[in-house]
1. Filter the stretch B:27-49 for residues that are modelled with pLDDT of 95 or more, in contact with a helix residue (DSSP H, G or I) (Cβ under 8 Å, 6 or more places away or on another chain) and among the hydrophobic types (A, V, I, L, M, F, W, C) and give the result.
2. Restricting the stretch A:1-34 to residues that are surrounded by fewer than 16 Cβ atoms within 10 Å (Cβ to Cβ) and among the aliphatic types (A, V, I, L, M), which is modelled with the lowest pLDDT?
3. Examine the stretch B:167-180 for a residue that is assigned to a loop (DSSP other than H, G, I, E, B) and touching a residue at least 12 places away in the same chain (Cβ under 8 Å), and state whether such a residue exists.
4. Which one of these does B:LYS132 not meet: (1) away from chain A (no Cβ under 13 Å); (2) surrounded by fewer than 18 Cβ atoms within 10 Å (Cβ to Cβ); (3) not polar (S, T, N, Q)?
5. Which members of the stretch B:135-166 meet the condition of being surrounded by fewer than 15 Cβ atoms within 10 Å (Cβ to Cβ) and without any contact (Cβ under 8 Å) to a residue 12 or more places away in the chain?
6. Condition first: within 10 Å of another protein chain (Cβ to nearest Cβ), part of a helix (DSSP H, G or I), surrounded by fewer than 23 Cβ atoms within 10 Å (Cβ to Cβ) and among the hydrophobic types (A, V, I, L, M, F, W, C). Now tell me which residues in the stretch A:70-109 satisfy that.
7. Test A:LEU64 against the criterion of being crowded, with 17+ Cβ neighbours inside 10 Å, at the interface with chain B (Cβ under 9 Å from one of its Cβ atoms) and either over 30 Å from A:MET133 (Cβ atoms) or not basic (Lys, Arg) (or both), and give yes or no.
8. For the stretch B:1-108, give me every one of the helices (runs of 4 or more DSSP H) that falls completely inside it and has 3 or more residues that are crowded, with 17+ Cβ neighbours inside 10 Å.
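The values are calculated or read from the model by the stated rules, or taken from the named source; none is laboratory data. Just so it is clear, the model here is predicted, and its values are computed rather than measured. Glycine also receives a Cβ, built like all others from the backbone with ideal geometry; neighbour counts cover every protein chain displayed.
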Amino acid sequence: MVVELYLDLFSQPCRSVFIFAKKNNIPFEFKKVSLMDGEHFGDEFGKINKIRKVPALRDGDFCLAESVAIMLYLAEKFQTPDRWFPADLRLRSRVNEYLSWQHMAIRMHGSKMFWMRLMIPKIMGIDVPKEKMDGALEDLNASLTLIEENFLQDRPFIVGDQMSLADLVAIVEIMQPLGAGLDMFEGRPKLSAWRDRVQASIGKDLFDEAHQGILGAQDAMKQVDPSKLELFKPKILRLFF
Amino acid sequence: STMEIYLDLVSPPCRAVYLFAEALKIPYAFKKVELSAGQQYTEEFGKLSVVRKVPVLKDGSFVLTESTAILQYLVQKCSVADHWFPAELQQRARVDEYLSWQHLNLRSHCSKVFLLRTLYPFVMGSEAPKDKMDAAVEDMKQSLDLLEEKFLQDKPFIVGNKISVADVVAMVEIMQPLGAGVDALDGRPKLTAWRDRVKKELGVKLVDQAHEALLDSSGLQQKMQNNTELQKLKPMFLKYFR
């Protein structure tokens, strides 16, 4: 029985799992969960993941949430190359350090910009106040500066000289604001050079395939009927206002 | 040379690392960092880590941040009993799943309740508005529901029959609102029983001692008020509460 991966490529952690599985030729069944259509709130998906988030994995009877946990599970089960999650104590620690830090930093800040620029205006019918937008952009820039100065420094990749899970998890997050028309690589030559290396390491075709959806988000949103997105209103009010 | 670990026990991730190192008798030098005095913003601390957070581990020239990374480093380096971080694929995945989920959920929500009560008045000059506190408590409730219904279920510990680092990381977070006079486990007998099991495994006296600084919240308020350096940092904290 083949591993099932429950994914929506609009979501950053889904993209990292998708890229990881494909890059490593891990056989899986792509189970689309449309966040826009609220499919993550359905009964069926609730049985796979009580947390009601994507990505999720099902391997026989075993269900698993959280992209980092999923990739580590797949890495171990399918014995992927060492560089993704090196066995060496210090190198592994550096990957763990990045994977931990990123949740409350780049992940949160990149997501926020995407929601503020694209989703909130569409769903709530209002523009986010300038002060809030400026604050969010400031936070995002602070995270990117830390990535450059603390996590990358003068290295080609975050850990050692090959791409690891850290770079994969990082790149999908920094791509998210692009879905709202905001290029965070602009004016950051070091980060741009790293992005190019990561893209080359993943392979352009796979990278583009994973990001096709999010890069077309602005167009896609133009087609969507706002009333369909009512279910997101409570989340928005809680998180952003 | 001895490992150094930089800690302030008011911080939950510091307590997780402290409790693990102490319970497993891992040799290290405790380096106190006073967060309420803004010590993480000093030039000296910046040389240790530009991220300016605690805990930090320093093993020779190797400096490591992030409590979950530090815990895994200690596990691997010190060859601890398997149950702390099981080698078995699915059990390991359960630990990884919890450690990942908790950042933006239990950790974030329990800390917010604590900070609204202790830091908000300092920064904003007044008590946190009721609706803000209510919203924070509601978020915390949802995280606690998931801890109980998804992560723990009917098992004694998150992974199964034995304690792992996931339980340590979870326990210190659910204790945090106590520093704001809020008992997160009020009316939750299942989680209370689990917390007591975790305390017993680590050592009740050790856990109580680790939480002393947290429970002395009036001492905390005093320290913050008296500290001129911390006053300068107010604008930075403003953002969190806006």
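1. Hits for the stretch B:27-49 are B:PHE30, B:VAL33, B:PHE45.
2. Among residues in the stretch A:1-34 that are surrounded by fewer than 16 Cβ atoms within 10 Å (Cβ to Cβ) and among the aliphatic types (A, V, I, L, M), the one modelled with the lowest pLDDT is A:MET1.
3. Scanning the stretch B:167-180, I find no residue that is assigned to a loop (DSSP other than H, G, I, E, B) and touching a residue at least 12 places away in the same chain (Cβ under 8 Å), so the answer is no.
4. (1)
5. Scanning the stretch B:135-166 gives B:GLU138, B:LYS141, B:ASP145, B:GLU149, B:GLN153, B:ASP154, B:LYS155, B:ASN161.
6. Correct list: A:LEU89, A:MET104, A:MET108.
7. It is true that A:LEU64 is crowded, with 17+ Cβ neighbours inside 10 Å, at the interface with chain B (Cβ under 9 Å from one of its Cβ atoms) and either over 30 Å from A:MET133 (Cβ atoms) or not basic (Lys, Arg) (or both).
8. Passing ranges, in order: B:12-23, B:67-78, B:89-101.
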